[in-house]
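All remarks here apply to the structure that follows.
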Amino acid sequence: MVDTWTPAAELGHAMASGDASAEEITTAFIERGQAVEEGIHAYLAPTFERAVDEARAADDRRTRGEALSAVDGIPLAFKDVFVTKGVPSTSGSRILDGWVPPYDATVVARCSEAGLPMLGKLDMDEFAMGSSGENSGFGGARNPWDAERVPGGSSSGPAALVAAGGAPWAWGTDTGGSVRQPAALCGIVGVKPTYGLVSRYGMIAFASSLDQASPFARTVEDAAMLLQLACGHDPMDSTSIPDEVPDFLDGIDAGIEGMRIGVVKEFQGEGAQPGVRTRVDEAYKRLEKLGAKIEEISLPSFEYGISAYYLIAPAEASANLARYDGVRYGYRAPADDIVTMTSHTREDGFGDEVKRRIMLGTYALSAGYYDAYYGKALRVRSLIIRDLEKAYEKVDLIACPTSPTTAFKVGERTADPLAMYLSDIYTVPVNLAGNAGISVPCGLSPDDGLPVGLQLIAKALDERTMFRAAHAFERDFGWISSAEGRPPL
Amino acid sequence: MSTTTSDLYETTVGLEIHVELSTASKMFCGCGVAFAGEPNTRTCPVCLGMPGSLPVVNERAVEYTMKIALALNCQIVEHSLFHRKNYFYPDMPKNYQISQYDYPLGSSGVLEIAGGFGTTRVGITRVHLEEDTGKSQHIGGSGRIADSDYSLEDFNRAGTPLVEIVSEPDIHSADEARVFVTDLRALIETLGVSDVRMEEGSMRVDANVSVRLKGAAGYGTKVEVKNMNSIRSVGRALEFEEKRQREALMAGDELLQETRHFDEKTGATSSLRTKEFAFDYRYFPEPDLVPFEPSPEWVEAVRSSLPELPVARRERFVRDYGLGEADVALLTTSRATADWFEAAARAYGGDAKKVVNWIIADLFGLLNEAGIELPQSKIAPEQLAGLVKLVDGATISGKQAKSVLVEMFASGKDADAVAREKGLEQITDSSAIESVVDEVIGENQEAADKVRAGNLGTIGFLVGQVMKKSRGQANPKLVNELLRSKLEG
């Protein structure tokens, strides 16, 4: 019997040595996923039969000595924001209910080329707008640590499924923290790569200049491996970086002796829960113990990150979501004329948060307001980039909490959008700057016994430094491989 | 209306011209570019605006646009980018159009036109690149969207590269507008970057027309005229609009700033929408594309690849062939017509003016009747040269040549073949004529004697007799010479 808490890297070794087959591994994850589904509601569209077929094909390849990769046959799952040929893809929205894409996202295609069976499509906040999963048009996933609590968002389903041991790893997307924040709230690893490292082709757009495909896993090494499989230039995405991608695993064990890690002065104050601060402070000490030099740095522009984000992201979203008009695909409201049809389609098909952001963005781009809102937000974005560049003259990495709080209760923030928006206060600046960031578990909060995440922020395209530090921390801490690192579900 | 009253006013016209580029593939995807075809067969996720799809710029389209801009003497922008232009319409897949806004590829150009009005330098405000929409077909009602039963959408055209050329308001009459459009069409045709077929919509012209009192400080109320589907329609629509506005002003009526639709059948314009419906397009930089900078080397390479442009060609026609301006204007309305003339002139080798006379005085009439252009006619340039040579050699008379041309035009046969078939060829073989001359002298001794006696007036009678006997086929000049040599000794 395969243990679904085993990291993917180890499962790869087990397959190579003949101790486990891809079919056994895949079946074990399917069974675990089915067992926990009632508690976490992670799946929107399971593709279990297909996963088993793909696993058997992987076993055949390995028998013939034609394995596509070291992890050929280890299953994965996708946030429903990725389009999958022949499998419904909704981005968590009723407006795309029933749409079956005729093509695969580049990330999906590359994982398929590496032989990874697809377990299915997972729940999310509608169009990736939200920090709790509650904005899903189809229910909403729950946190495996406490089913009364949210798993975070917008990549709610993948975070919940990986944390519950229902998948070794999964792809989400991170626009303002949508992978790092749920990873923190669910006690797993979430990586937001440098903007442009992974192709956005086939990722249903929320905010094009911020969206980035981002992996979840239970270990840093697994997250790095999954990222490696899909990243690299894609001619279908003009914003994808043409540079050659380094091997993320190369030197991941090298430790952090002498590494300079900056702690953000502006994030040290009241903002975070005491229990979160306790665990994050302990994490800084552990990094120091491991040889890193911790120094305080100042990023004065970061406090404007949320304001700038909530102008830029909705502005881009207002255009990105204009295509959902009932004309070509997805839901169409019955009506006698085109104007009524389109407005009713959008009225019925979009949820409240999506409508709120479309209106925000439309307003921010309107004649006479553009400079005051969108234009000013772009200037803040430039300031954040400049502040970060200055900071990286002094340090190699920046450390801070991933989320100011642990997982909150379902319904606790739905009536207060601003409180919800502040969930992303520590993650949003990284998207605005285009840098890489990772959330790695740093224990359970003494306040409520729920997971806390440590965020490490690297320079653009310096994922290797980030993985090296996160891996050193994780190995020394040992939490994820202990019984405490597994939710009680 | 007295001349003096109408002289108080002046007309101002600015044109906005859209040209579909004849690149092999569309602006942002790999689908083919072609006219018509089975609906929705030249489409893909990108040009259908499917969720997750992304645009990639067709560099050839940028090059073609640069050719147009350079041929119009524009400055090429150093730093350019695309914007999103937001508005809802069912034939627009994304409900935004990727276009250019404040950094068009070309700006500050000029096109000099000449005609009955003299010479006018028309400024070119901008030349920019964008994507075309699909086509709507409204079924039932008047054929407009408002009262139709339903609409069909064809996205074959969606995403075709489209160049927008905006002129300064330097045009002051319908005639100038007609010549401007004619010359611009010839210019773009010469560049080989578009079919420029107005009736198929690969070239579309909108006009901004206003009338003001001569010497007034500001422009009059601007009216936009749409739906002019031929150069003739441009002239008719602007003549109508100019007259309508002048009459309104003279009657003391106020003009509305509005968009008016030209009806080809009635020759009149009617109101489509007034200014209250002005759109806010909420332009913002397209985040799915990166800004681009045409390198000076590229610009120079494109500039040096430009073919001989119509203005230069016209100057050469005047200089090298000694043609008048009016004839040159007629010969250079299209590149194909000018090429045809040059081929005929080369094949002929003699005074090109003779070839020009045949083209303008005769061939154009036949083309008009047949409703075709010179290149589509059955007659080849070499064949026209052959006809002119037959006349030169006195094989047929000029009058006969006209009927030969009609037959050549209908059948595509060579001039001498037609002349032979028609029995039109004059007998220029002196031995053949000589026997007839001898016969006539024998039969008309009395008249012959008079000639011998020096009464040269009688020779005309004898020539007439020979012509009669030869049923008009003898060359009269030759007959005359033979009679003289025989009778004058």
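Tabulated values for the structure
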| read-out | value |
| --- | --- |
| Two-site FRET efficiency, A:Asp97 against A:Arg356, from Cβ-Cβ distance with R₀ of 30 Å, rounded to 0.05 | 0.90 |
| Difference of contour (0.36 nm per residue) and Cα-Cα distance, B:Glu421 to B:Ile145 | 93.5 nm |
| Cα→Cβ-extended label distance, 7 Å offset, between B:Glu439 and A:Arg379, nm | 10.5 nm |
| Cα-projected label distance for B:Leu306 with A:Glu484, points at 7 Å along beta-carbon direction, nm | 7.5 nm |
| GluC sites (Glu not before Pro) restricted to DSSP loop in region B:8-79 with at most 11 other C-beta within 10 Å | B:Glu78 |
| Excluding exposed DSSP-loop trypsin sites (Lys or Arg not before Pro) (at most 11 other C-beta within 10 Å), longest clean stretch of chain B | B:266-470 |
| Sorted by Cβ density within 10 Å, fewest first, the residues A:Trp171, B:Trp298, B:Trp340, A:Trp145 | B:Trp298, B:Trp340, A:Trp145, A:Trp171 |
| Ranked list, fewest to most other Cβ atoms within 10 Å of each Cβ, for B:Ile372, B:Ile433, B:Ile360 | B:Ile372, B:Ile360, B:Ile433 |
| Sites B:Arg452 and B:Lys399 - FRET efficiency at Förster radius 35 Å, r taken between beta-carbons, to 0.05 | 0.60 |
| Region B:2-144, relative contact order in percent, only Cα pairs under 8 angstrom and at least six apart counted | 18 percent |
| Spin-label zone in region A:205-224 - amide nitrogen under 19 Å from a point set 7 Å from the Cα of A:Arg386 along the C-beta vector | none |
| FRET efficiency, 1/(1 + (r/R0)^6) with R0 35 Å, evaluated for B:Arg121 and B:Asp320 via beta carbons | 0.90 |
| Long pairs among B:Lys26/B:Lys135; A:Lys85/B:Lys85; A:Lys355/B:Lys94; B:Lys353/B:Lys399; A:Lys265/A:Lys390, criterion Cα-Cα beyond 25 Å | A:Lys85/B:Lys85 |
| Length released on extending from B:Glu488 to B:Lys353, taking residue separation times 0.36 nm less the Cα-Cα span | 44.7 nm |
| The protein assembly as shown: calculated mean residue ellipticity at 222 nm from DSSP helix runs of at least 4, using -39500 (n - 2.57) | -11500 deg cm²/dmol |
| Value of relative contact order over chain A, rounded to a whole percent, pairs C-alpha under 8 Å and six or more apart | 17 percent |
| Antiparallel DSSP beta bridges within chain B, percent to nearest 5 | 90 percent |
| Order of B:Met250, B:Met228, B:Met467 - criterion: other Cβ atoms within 10 Å of each residue's Cβ, fewest first | B:Met250, B:Met467, B:Met228 |
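Values in this text are rule-based calculations from the coordinates and carry no lab data. Just so it is clear, the model here is predicted, and its values are computed rather than measured. Cβ coordinates were reconstructed from backbone atoms using ideal geometry, including for glycine residues, and neighbour counts include every protein chain displayed.
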